[in-house]
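What follows is a single structure, written as structure tokens, with notes after it.
FYI, it's all coordinate maths here, none of it is from the lab. Computed from a predicted structure; not experimentally measured. Here the Cβ positions follow ideal geometry from the backbone for every residue, glycine too, while neighbour counts run over all protein chains shown.
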Amino acid sequence: MRVIAKTKLMAMAKPWPEARQAVADWHDLAVAACWATPNDVRRSDPTASVLANRRVVFNVLGNRFRLVVKVDYKEQKIFIRFFGTHSMYDAITAEEV
């Protein structure tokens with residue numbers, strides 16, 4: 001998969017130095033993946049939550065952080081939509097991600 005864009009993802013994680021390695025590990029997992037369906041995502045990461053509109057929520061660093069992406073399975077692209085703490089995630093609406 002191609003992650004669009006790693007720079008944006010790392011900038012979102014910058015306020016939390018303790019999360020940077022976990023985010024980098026997620027990026028490595030995503031780049032190595034070849035997800036054709038939401039079930040493929042779940043096989044790679046059983047804790048991932050598949051939402052409507054091709055969005056997926058990943059738990060990062062023991063669920064302290066949430067990463068929301070939009071997956072284009074056909075084009076093999078992942079678009080970063082949100083990264084933040086669990087409480088920040090709880091405050092956003094579906095339209096924001």
Among 48, 22, 32: highest mean-square fluctuation, GNM of the chain, C-alpha pairs under 10 Å: 32
5 Å binning of all Cα-Cα separations within region 2-96, expressed as whole percents from 0 upward: 3, 14, 27, 28, 20, 8, 1
Using +1 on the beta carbon of Lys and Arg, -1 on that of Asp and Glu, and nothing else charged, what's the dipole of region 2-96 about the Cα centre, debye to 20? 180 debye
